[in-house]
Amino acid sequence: MRMGMRQIRLLISCIILVTCFAVQAQNALAATIHIIPVKGVSKDLANEFGSITSRVLQFYQEVYNFTPAKSIGIVIVANEQDYVQRLQLDGYSKEQAIRTAKVSSGIFLNSNPFVTANDGATYTFSFGKIQYSNPTIIICADKSTTYIPRICTLTHEMFHLMQQELKGNNPAHEWLVEGSARAAEFVLLEWLGKGSLASHRHNLSNSLVNVKCMADPNDMKNGGFTWIKLIEENMYPYQVSEAMTDYLLRKVGKPSVIRYFALISETGDRNVAFRQAFGMSYNQFVKDYKAYMKQEAAAAGRIKFDVEGEVAPEVVRTISGNGVAIEQMLRSQGWTMTMSQRFVLVPNADVMQNVLRRELYQINEGRWADIARRATIAVIGEMNYVYDTGKTVTSNSDINPLALVVCRDSILMTAQPSLATSIYWLYEGTAQLLAAKATEAAGGKSVANCHQEWISTIRKAAGYPSLTQMKSLLPTVTSRYKGDVIYATVALAAEYLAGKTDSGALLRYFTVLRDHNDGPQAFQQVFGMSVEAFDADFAAYLNAQQKESN
Ligand SMILES: [Zn+2]
């Protein structure tokens, strides 16, 4: 009864509130786009989707040489509840509509009833009370509240439209249907100057090699509700299919995926189309892909280098060599690295700023300029960094900035940031000490030399911070001390602590922390004393060091 009332209300509101207006992109396109806002969607929001749509059509024309043949309706619904109702109007059962709306932010519906397979059974969706004479995309507005996710959702659904026009109602491999639509989102972002495929690919690979249980390529041959089940069971079918598509397209080139969908309608057989478009059988591809993912998993924890701009080959060689030395040093300490780090080597601050502008498009121009001027290495996303090689001498003795970032973040990514920094000085100090060890291992400055520098910094300073005071971020808690005094203090503390136990104890602490989730307890367990007791002990040690100099 309640459902019935709602449906009637929705139908009335459709009649009253559905206003259609056409968005004509500048270049003469064959198709007309109708933006159809449903109740609760403002005129401004509808306009925003109108301009987003024009941009997406321009993208498809420029990059994929595709212009939709038929007019398209883009229905904008305000929220998940309305989305569910809309799907029910389109012939979904209530249960199907709820599950679909929960896991998606948009959907493409072809005007013809489409067929989907569910555990081998085939059934047909008919279109309910509202008949579309044209393809329709439904977008759930409040599932993506900013420009980037909105334009990505539309790009994704528009790719499905392109597939439909090419292949007709013939079934394709579902992972390639979804994977290529998802890959298009990141092609778009690069085209917009917002992010890069390379950093996205790196992040995707990092997350997939750490997934314990993921969808198997052969589970994703068919779509429909078998697919939704995989999403609900956290088997990451989208991520897996995207990685598969990316791997495939890097082998055979982007245009061949367009050929594949066209060949499906020509041959009526997805496996024949696969072989003809990509020059290998589907089964062979799955075998190759699995071997590739095994390789990726084995290479987890690698430090990777890309180059942008004119960086001298010997500089690239030196820095890559330093990367290998740091990796070896960390592994020799019994440290397991679960994620890879990627450094984009650039020749100067100008190129650095370009990379920052592209990857960190959310922050303003002033910040990029500031970071590019001051930082040698800056973070540009999960485990992606840009490294200005012009700012360092790039000899072996100069690997400290690289070592520091690698060591610091390999701790963070293993132990989780909030956990790793729960005893802040220990996290910073371990990273400093490891960086010094990596520098020595690469034939640079010795750890003994670093030790002397830390001591002399402390001696010159008027005072140094107490370790237990450094409970949170260094700058706020210890603002009355200069950076070099703070770093010298934490490095000496880590060195002193390791000296009291053994050299592997520092990294062992972070492993215990990861498993037990309690900083002070992990400290007690690994070092055999409380944090407070160590702080007092260390203060006495530093006082003695200062007296020696007097
Ligand atoms: Zn999709």
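The values are calculated or read from the model by the stated rules, or taken from the named source; none is laboratory data. This one's a predicted model, so the numbers in the text were calculated from it and none came from an experiment. Using ideal geometry, Cβ is built from the backbone for each residue, glycine included, and neighbour counts are taken over all protein chains shown. Heavy atoms of the whole protein, side chains included, go into the accessibility calculation; ligands, DNA and RNA do not. Shrake-Rupley method; radii C 1.70, N 1.55, O 1.52, S 1.80 Å.
General remarks:
- All lysines inside 19 Å of K547 as judged from Cα atoms, apart from same-chain residues fewer than 8 positions distant: K460
- A full extension of the chain between R459 and V103 corresponds to an added length of 122.2 nm, given 0.36 nm per residue minus the alpha carbon distance.
- With Cα atoms, 0 to 90° folded angle of helix 80-89 axis to the chain main axis: 30
- Axis of helix 237-252 versus longest Cα principal axis of the chain: the two differ by about 90°, to the nearest ten degrees.
- The long axis of helix 94-103 is offset from the longest Cα principal axis of the chain by roughly 40 degrees.
- Extending 7 Å from the Cα toward the beta-carbon at both K39 and Y147 defines two label points whose distance is 3.3 nm.
- Each eigenvalue of the Cα gyration tensor of the chain, multiplied by 5 and square-rooted, gives one semi-axis; in descending order these are 53, 26, 23 Å.
- Taking the average, over residues, of other Cβ atoms within 10 Å as the packing measure, peptides 155-161, 182-188, 503-509 rank 155-161, 182-188, 503-509 from highest down.
- Charge dipole of the stretch 415-550 about the Cα centre (unit charges at C-beta), most positive-ward option of H451, Q525, W425: H451
- Each listed q (0.15, 0.25 Å⁻¹) maps to a log10 I(q)/I(0) for the stretch 301-394, found by the Debye formula over equal Cα scatterers with no solvent: -0.59, -1.24.
- Förster radius 30 Å - calculated FRET efficiency between N283 and V63 (Cβ-Cβ, nearest 0.05): 0.45
- Considering all different alpha carbon pairs of the stretch 171-299, the Kirkwood hydrodynamic radius works out to 15.1 Å.
- Contact order normalised by residue count of the chain, Cα under 8 Å, 6+ apart, percent: 9
- Sequence-distant lysines (8 or more away, or on other chains) whose Cα lies within less than 26 Å of K251: K167, K194, K221, K287, K290, K294, K304
- The Kirkwood radius of the stretch 415-550, taken over pairs of alpha-carbon atoms, gives through the Stokes-Einstein law at 25 °C and 0.890 mPa s a diffusion coefficient of 162 µm² s⁻¹.
- Simple Cβ-charge dipole of the chain, Lys/Arg +1 and Asp/Glu -1, about Cα centre, in debye nearest 20: 720
- Percent carbon-and-sulfur accessible area, the chain, ignoring ligands, DNA and RNA, probe 1.4 Å: 51
- Taking 0.36 nm per residue of separation and subtracting the Cα-Cα distance, full extension of the segment from T501 to R367 would add 43.9 nm.
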